[in-house]
Amino acid sequence: MKITKLPFSVLIIAILLASCQPEQNIDIPSLIPQPVSVTSGEGVFELDSSTKIVLSEENEEINKMAELFSENLAPALGFKLETNVGLDSGSSILLELLNDEDSEIQSEEYILNVDKRGVQISANTSAGLFNGLQTLAQLMPAEIENQNKVSKSEWQIPAVEIIDYPRFPWRGLMLDVSRHFFTKNEVLAYIDQMVKYKFNVLHLHLSDDQGWRVEIKAYPLLTEVGAWRVPRQGTWWTFDPPAKGEKATQGGFYTHEDIREMVQYAAVRQVTILPEIDIPGHSLALIASYPELSNTGKNYPVNPGSKFYTIDDNTLDPSNEKVYEVLDNIFTEIAELFPSEFIHIGGDECYKGFWRKNPDCLALMKKEGLKDANELQSYFIKRIEKILQSKGKKMIGWDEILEGGLAPEATVMSWRGMNGGIAAAKMGHKVVMTPTQHCYLDLYQGDPAIEPQTYSMLRLRDVYRFEPVPEGVDPALVLGGQGNLWTESVVTLRHAEYMTWPRSLALAEVLWTSKEQRNWNNFIPRMEDHFLRFDQAEVKYARSAFDPIISISKENGNTFVEIETEIEGLDIYYSFDESYPDQHYPKYEEKLTFPPGAGSVRVVTYRDGEQVGREIRRTVSDG
Ligand code: ACM
């Protein structure tokens, strides 16, 4: 029936009834990282094609940010939100840059208000506004992540007031683009993913034994030779070295133009790209290009993932003045390309055996009164710090730079546990905490029996338990933390995503949310809601945290099985008879003994009658 056919009195009653309806309320979607304060309001804001993004004043940076927000939403919405300046009427998302130096509002803080009429985000800085926009996107239905138009007539955002700011200023992810090269567009896609969870540093590991990835105009062989290696696939460190005459066809590098584009792309998204040139060890790609810089002067190939450590000399010769001249020129170009306050100089895992055999190194040690090879490394690092300072940059390095004496102004990235960071902070240096046992995203995240091959173990819960400020350390010296994705066993962006998510959701919360607010059992359902967003965005993630964790042990001739789960409330079922267990099989309650003759146990997890974890089979000989 057409509404105009209704008698007038019925129409009036209908309108009155509609206006007396209680406010429509919807649940506030799950937010990661959990904000400082969330207060729900009454009603919803309905975003539609009439909604405008309104800037409180003309500002190029904020305008770009608004444009970016509009572009990001456009595929799912099927329309672009227009941007206006200074005209807050009708349905709008108002971006208010306070720019108030005296304000109590912290630099990355934002205040986000949603009511029936619209959205208002206020912040003191563009970074604050950007953070607010990321939260706003999370307040929208998961389908907003879809890259195709979603048939949805209204996009509801619940009324809410959020006040939010980060615990740490350094919330990083490291991508190793040396062991496997990731194209410019892949790096940009990785940035898009990380900013949704308020990461703001992308550390690019640009050089290593297996590839040099940045054009240096002064040294063209770095990318003509150093960026390429012979192709191999399979298990890293087991590959054959290059055969005689074999062509080096695997690799790639970023031109200056690529880097400028990546830096700019990151900057609009409030991300700093931290470049790392790993020296004096891990330098085989550099040495393959310019052999005169090593201790032996030999021609080594770029390593393809075969054994070479301590066999080929991958260390720069600290007694050779030419090394400092080359590095000075390299860092001139790096400093020009990357606006980052810091340059990372690596400093890790430097094998010093070739230095000990190099008469020039021994002579230098004698001349400088250096008592061992660690002090020689320290001599090298201190000279590099001076080079960086001459270019207006601060030096950061892995915690080995502490050995033999820390350079005066150095910042330390603590990876071999927390101790390097603690020692550096006790000396008054700033630190970024990236301990292997909480932050190494290249490690297994579930049972090696069913995970892609890598090494050691870093479960989701280990990341969530990370506490970046150790007792007795001045919290002001802990800039923050970082997840490190080394890519020896990570060949594609899809796999990089699988290793990154959801462990980096846990890390995002560790680095943003206050320690008191962090809660594992509360995090898990929010994470599961974000899986729906990843599904919409077609970003890969791991569900390994739902798999059973099986321990096999032997005692007095018996073999025992103990099973647990990271996530609470899962039901565990098992079989010893080689058949597939389901929820009608025996339920695991307590430690089991392998029955006589049983060769394996198969285990699976369920929740509310639905299988949630993958089946894992372990054998009696695993104990
Ligand atoms: C490192 O993992 N070698 C820093």
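Looking at the range 456-463, is at least one residue under 20 Å from residue 404 (Cα atoms) and within 16 Å of the ligand (Cβ to nearest atom)? So far as the range 456-463 goes, no, none of its residues is under 20 Å from residue 404 (Cα atoms) and within 16 Å of the ligand (Cβ to nearest atom). Looking across the range 32-50, the residues that are among the hydroxyl-bearing types (Ser, Thr, Tyr) and modelled with pLDDT of 95 or more come down to 37, 39, 40. Only a single criterion out of (1) of a type in the set (Gly, Ala, Ser); (2) crowded, with 22+ Cβ neighbours inside 10 Å; (3) farther than 15 Å from residue 267 by Cα is not satisfied by residue 128, namely (3).
If the requirement is being assigned to a helix (DSSP H, G or I) and over 26 Å from residue 146 (Cα atoms), which of these qualifies: 507, 511?
Numbers: 507 fails: over 26 Å from residue 146 (Cα atoms).
From the options 507, 511, the qualifying one is 511.
The residues of the range 62-79 that are surrounded by 15 or more Cβ atoms within 10 Å (Cβ to Cβ) and either assigned to a loop (DSSP other than H, G, I, E, B) or in contact with a strand residue (DSSP E or B) (Cβ under 9 Å, 6 or more places away or on another chain) (or both), listed by number, are 62, 63, 65, 66, 67, 69, 70, 73, 76, 77.
Counting only residues that are in contact with a Phe, Trp or Tyr (Cβ under 8 Å, 6 or more places away or on another chain) and among the aliphatic types (A, V, I, L, M), give me the strands (runs of 3 or more DSSP E) lying completely in the range 97-185 with at least 2 of them.
Details: elements: 110-115, 118-123, 155-164, 170-176.
Per the criteria, 118-123, 155-164, 170-176.
Please return the ranges of helices (runs of 4 or more DSSP H) entirely within the range 348-446 where 2 or more residues are surrounded by 22 or more Cβ atoms within 10 Å (Cβ to Cβ) and either within 16 Å of the ligand (Cβ to nearest atom) or modelled with pLDDT of 95 or more (or both). Step through it out loud before you land on a result.
Numbers: elements: 353-357, 359-368, 373-390, 419-426, 436-439.
Result: 373-390, 419-426, 436-439.
Of the residues 467, 471, the single one that is surrounded by fewer than 19 Cβ atoms within 10 Å (Cβ to Cβ), charged (D, E, K, R), more than 28 Å from residue 235 (Cα to Cα) and without any contact (Cβ under 8 Å) to a residue 24 or more places away in the chain is 471.
Scanning the range 588-610 for residues that are hydrophobic (A, V, I, L, M, F, W, C) and assigned to a strand (DSSP E or B), we see that the one that is farthest from residue 556 (Cα to Cα) is 604.
For every residue, the table says whether it meets (1) acidic (Asp, Glu); (2) within 16 Å of the ligand (Cβ to nearest atom); (3) assigned to a helix (DSSP H, G or I); (4) surrounded by fewer than 16 Cβ atoms within 10 Å (Cβ to Cβ).
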site: 282; (1), (2), (3), (4): no, yes, no, no
site: 297; (1), (2), (3), (4): no, no, no, yes
site: 326; (1), (2), (3), (4): no, no, yes, no
site: 334; (1), (2), (3), (4): no, no, yes, no
site: 340; (1), (2), (3), (4): no, no, no, no
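Do we have residue 591 as under 27 Å from residue 445 (Cβ atoms), surrounded by 11 or more Cβ atoms within 10 Å (Cβ to Cβ) and either among the aromatic types (Phe, Trp, Tyr) or without any contact (Cβ under 8 Å) to a residue 24 or more places away in the chain (or both) here? Here the answer is no, as residue 591 does not meet what is asked.
When each of 563, 567, 572, 550 is tested for being over 20 Å from residue 600 (Cα atoms) and buried (at least 20 other Cβ atoms within 10 Å of the Cβ), the lone residue that passes is 567. Restricting attention to the range 253-280 and to residues that are among the hydroxyl-bearing types (Ser, Thr, Tyr) and surrounded by fewer than 19 Cβ atoms within 10 Å (Cβ to Cβ), the residue that is farthest from the chain's Cα centre (by Cα) turns out to be 255.
Taking the conditions (1) touching an Asp or Glu at 6+ places or on another chain (Cβ under 9 Å); (2) surrounded by 21 or more Cβ atoms within 10 Å (Cβ to Cβ) in turn, residue 313 satisfies each one other than (1).
Filtered by the rule that a residue be under 30 Å from residue 198 (Cβ atoms) and among the hydroxyl-bearing types (Ser, Thr, Tyr), the range 270-301 gives a lone residue, 272. For the range 455-483, enumerate the residues that are of a type in the set (Val, Ile, Thr), farther than 19 Å from residue 520 by Cα and not in a loop (DSSP other than H, G, I, E, B). Hit for the range 455-483 is 478, nothing else. The set of residues in the range 485-514 that are more than 24 Å from residue 524 (Cβ to Cβ) and either of a type in the set (Ser, Thr, Tyr) or within 16 Å of the ligand (Cβ to nearest atom) (or both) comprises 486, 487, 488, 489, 490, 492. Residues that are among the small types (Gly, Ala, Ser) and crowded, with 23+ Cβ neighbours inside 10 Å were ranked within the range 496-534; the one that is farthest from residue 29 (Cα to Cα) is 496. Looking at 119, 85, just one residue is crowded, with 17+ Cβ neighbours inside 10 Å and over 26 Å from the mean Cα position of the chain (by Cα), and that residue is 119.
With the structure loaded, tell me whether residue 259 is assigned to a strand (DSSP E or B), touching a residue at least 60 places away in the same chain (Cβ under 8 Å), farther than 13 Å from residue 207 by Cβ and touching a helix residue (DSSP H, G or I) at 6+ places or on another chain (Cβ under 8 Å) or whether it fails that test. Here the answer is no, as residue 259 does not meet what is asked.
The values are calculated or read from the model by the stated rules, or taken from the named source; none is laboratory data. Given the structure is predicted, the values throughout are model-derived calculations rather than measurements. When we count neighbours, we look across all protein chains shown, and the Cβ atoms used for this are built from the backbone with ideal geometry, even at glycine.
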